[in-house]
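Chemist: Submitted below is the structure of interest, expressed as structure tokens.
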Amino acid sequence: MAEAPDPHPASPSEPENAHPINTTGELQLGSSTSSVVPLKPAEDTASRVETPWFHMEPDITRAVISKAEEELLSSLSALMRNRVENEKLQRQMTASMQAIDDAKKEHLAIKNQIRSAEEELATRVKEHESLRDEVAQTQQKLQAERSKHIEHQEAWFKTRQELDASRRNVQSATSELGETQETGRLMKSQVAELKKELTRLLGERESMLAQLRPIREELDQRLSAREAVIEQVTVLHQHVQSLTDEKNTLSKATPEQISERSQLQKELEQTREEFSQLRREADRLRSDHGRLTAAKHDAGAELSDVQGRLTSLRFTHAELLERIYQSQQTHNDLLENVKQASESHHDLLQKIDQAKQTLDVTERPRGQTVSPVAEPVPTAAVREPEPPVVAPVAEEAPKPEETHKTEPPAHTEPVETELPLFLSHPVPPVAASWDSYVLESEFFTEDNLDAAKVAELVSSLPGIEHSLIVQQFGPMLADRFPQRLHSLFQVPRRDYSLLYDRLPNKVRDYQNLNTRVSTYQIGDEFLTLSGAKDVFLAITHEAPILRPGVPEKIAIVAEELRKMYPGQADRAVGVA
């Protein structure tokens, strides 16, 4: 800026070089057009040295200072905002890292739980195998003891035969007695074998239940762990969503923020990889859960098969007990006959001795002449009573033969492979002690209920086409089945509990019911069988799975039918 001309120019009397030297080194401002710089007094130069040039214009200086202050304040506020955002991002990053560490720790804890559960399952399997080995050893020991017992019985039988050989009059009775004893011994051995089989089956059932209990607990633990993992995955997903939102908001950022964003992206990729790993782990847990449920269903089916075998063994055990009771009765009868024959034999011997004594006393004078006659008299007297002694034994001997004649059909029952449904037998009456309230409430009816009415009501349930009610070892109680399906119910001795193993194409077993309920595929339709010890209910339907609530209702109906017809299964009907 050009300086204003000096109002006090130098006088011509003053020399030209009277201008003082500028010791401060400041440039002197002057007009750019004038070639001669006017000289100024020393006071003005001193004032210029003390004050800067921009103090000459206060408006301009104020404007410059205000502009600089505004720029400084704006930069300071931007710096503070960046600092606050940086602190927020650091806090979020630390929180996400802490959550990831917690998820890793929980994942390791779940893996440790699964490993411990597998080890426990392996130990249980080893214990089960050791128990099986011990059971096999005990069975071998029992077999050896039984063989020794049989040897002792045979020795005793031989001594008994040697003792009975001296008694010719009761030889036939003793032989029959020995036969009955042998049959009783065989039956006792069969009963002992059946008892051992029952105990073994009960032990297997208990062991299987003990194996199922930790599997159920493990399933519950895995389900809870799976729910926790799912919750963690949802939290991580929300966190990833929040990070993506922050990424969108921070798209226009400084280079430092861009570097931080790249680091966050890397961490986000790591979290996504961990999320995918957790998802794969969850899928594996689902597959393990499905496998365990399948194993649970298989164990339930095996338990139901064992229960069916137990019921059949109970019936055979009851039959053997009846046979043993009959053999014991025949044995007691034979013992009584032998005892009576021996008593009569002793009575005859006493009478013969008395007769000998009387003859000796009365006919002593004619001892020589009568003696040869008296000698044959006792022999005749001894020989004459013998036939009556043997006769009752011979008369009573056919009694065990009759029992043996009635027994062969029982032994030949397994030879008769299949027996058809027994249709001509009259339906037994409903038990007087049975309470019909349960079935009336199930079917919402007030009619008088019997097997035929129950079959009609069952056929009217949704999804069910036909129904059939049969009695164990007995006749058919109600028939609403087509004739083509009757051939499926041909089983030995009309033991309908065997149908669970004989029917083909099993679809499924319904668990946690009062009775065993199983579904089978027969051609294009499906058959469901429900049994309650004495009575069996069979239904047909088109869908492979019954509608919700129908299996429970079928189980209740089968249980009530057992109460309607309790313990009236006549085994003789199956024999006929």
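Chemist: Test of understanding: among Asp524, Asp479, Asp534, Asp450, which residue is among the charged types (D, E, K, R) and closer than 21 Å to Ala301 by Cα?
Modeler: From the options Asp524, Asp479, Asp534, Asp450, the qualifying one is Asp534.
Chemist: Identify all residues within region 439-449 that are open to solvent by 60 Å² or more (accessible area, probe 1.4 Å) and either hydroxyl-bearing (Ser, Thr, Tyr) or more than 36 Å from the chain's Cα centre (by Cα) (or both); write none if there are none.
Modeler: Glu446, Asp447, Asn448, listed by residue number.
Chemist: Residue under question is Gly474, and the condition is that it be of a type outside the set (A, V, I, L, M), more than 21 Å from Leu461 (Cβ to Cβ) and buried (at least 17 other Cβ atoms within 10 Å of the Cβ); does it hold?
Modeler: Yes; evaluated as a whole, the condition is true for this residue.
Chemist: Given (1) modelled with pLDDT of 80 or more; (2) exposed (fewer than 13 other Cβ atoms within 10 Å of the Cβ); (3) within 20 Å of Val125 (Cβ to Cβ); (4) not hydrophobic (A, V, I, L, M, F, W, C), identify the lone condition not met by Thr199.
Modeler: (3)
Chemist: Got at least one residue in region 57-68 being surrounded by 13 or more Cβ atoms within 10 Å (Cβ to Cβ), at pLDDT 90 or above and part of a helix (DSSP H, G or I)?
Modeler: No; the residues of region 57-68 include none that is surrounded by 13 or more Cβ atoms within 10 Å (Cβ to Cβ), at pLDDT 90 or above and part of a helix (DSSP H, G or I).
Chemist: Residue check: is Arg185 touching a helix residue (DSSP H, G or I) at 6+ places or on another chain (Cβ under 9 Å) and under 22 Å from Val125 (Cα atoms)?
Modeler: Values: touching a helix residue (DSSP H, G or I) at 6+ places or on another chain (Cβ under 9 Å): yes; under 22 Å from Val125 (Cα atoms): no.
Spelling it out, it is not the case that Arg185 is touching a helix residue (DSSP H, G or I) at 6+ places or on another chain (Cβ under 9 Å) and under 22 Å from Val125 (Cα atoms).
Chemist: While we're on this one: Across region 495-525, which residue is surrounded by the most Cβ atoms within 10 Å (Cβ to Cβ) among those that are over 21 Å from the mean Cα position of the chain (by Cα), in a helix (DSSP H, G or I) and touching a residue at least 60 places away in the same chain (Cβ under 8 Å)?
Modeler: Among those that are over 21 Å from the mean Cα position of the chain (by Cα), in a helix (DSSP H, G or I) and touching a residue at least 60 places away in the same chain (Cβ under 8 Å), it is Ser497.
Chemist: A follow-up question, please. From the list Arg146, Arg213, exactly one residue is under 28 Å from the mean Cα position of the chain (by Cα) and in a helix (DSSP H, G or I). Which is it?
Modeler: Going through Arg146, Arg213 in turn, just one is under 28 Å from the mean Cα position of the chain (by Cα) and in a helix (DSSP H, G or I): Arg213.
Chemist: While we're on this one: Considering only residues that are open to solvent by 90 Å² or more (accessible area, probe 1.4 Å) and free of Cβ contacts under 8 Å to residues at least 12 places away in the same chain, look in region 111-132 and name the one that is nearest to Thr174 (Cα to Cα).
Modeler: Applying the filter and picking the extreme gives Arg132.
Chemist: Further question on the same structure: Got a sec? Which of Thr123, Thr180 is of a type in the set (Val, Ile, Thr) and modelled with pLDDT of 90 or more?
Modeler: That would be Thr123, the only listed residue that is of a type in the set (Val, Ile, Thr) and modelled with pLDDT of 90 or more.
Chemist: While we're on this one: Give just the number: which of (1) at pLDDT below 80; (2) more than 17 Å from Asn86 (Cβ to Cβ); (3) not aromatic (Phe, Trp, Tyr) does Ala225 not satisfy?
Modeler: (1)
Chemist: Ok, one more. I'd like the residue in region 531-549 that is closer than 21 Å to Leu310 by Cα and outside any strand (DSSP E or B) and, out of all such residues, is least open to solvent (accessible area, probe 1.4 Å).
Modeler: Among those residues, the one meeting the criterion is Asp534.
Chemist: Does Thr528 meet the test of being open to solvent by 10 Å² or more (accessible area, probe 1.4 Å) and in contact (Cβ under 8 Å) with a residue 24 or more places away in the chain? Before the answer, list the steps.
Modeler: Details: open to solvent by 10 Å² or more (accessible area, probe 1.4 Å): no; in contact (Cβ under 8 Å) with a residue 24 or more places away in the chain: yes.
So Thr528 does not fit the description; no.
Chemist: Looking at region 76-97 only, could you name the residues that are surrounded by 13 or more Cβ atoms within 10 Å (Cβ to Cβ) and more than 19 Å from Val240 (Cα to Cα)?
Modeler: Passing the criteria: only Asn82.
The values are calculated or read from the model by the stated rules, or taken from the named source; none is laboratory data. Everything numeric here is computed off the predicted structure, so don't read it as measured data. Every residue, glycine as well, gets a Cβ built from its backbone with ideal geometry; the counts of neighbours run over all protein chains shown. Heads up: the accessible areas ignore ligands, DNA and RNA and are worked out on the full protein's heavy atoms, side chains in. Shrake-Rupley method; radii C 1.70, N 1.55, O 1.52, S 1.80 Å.
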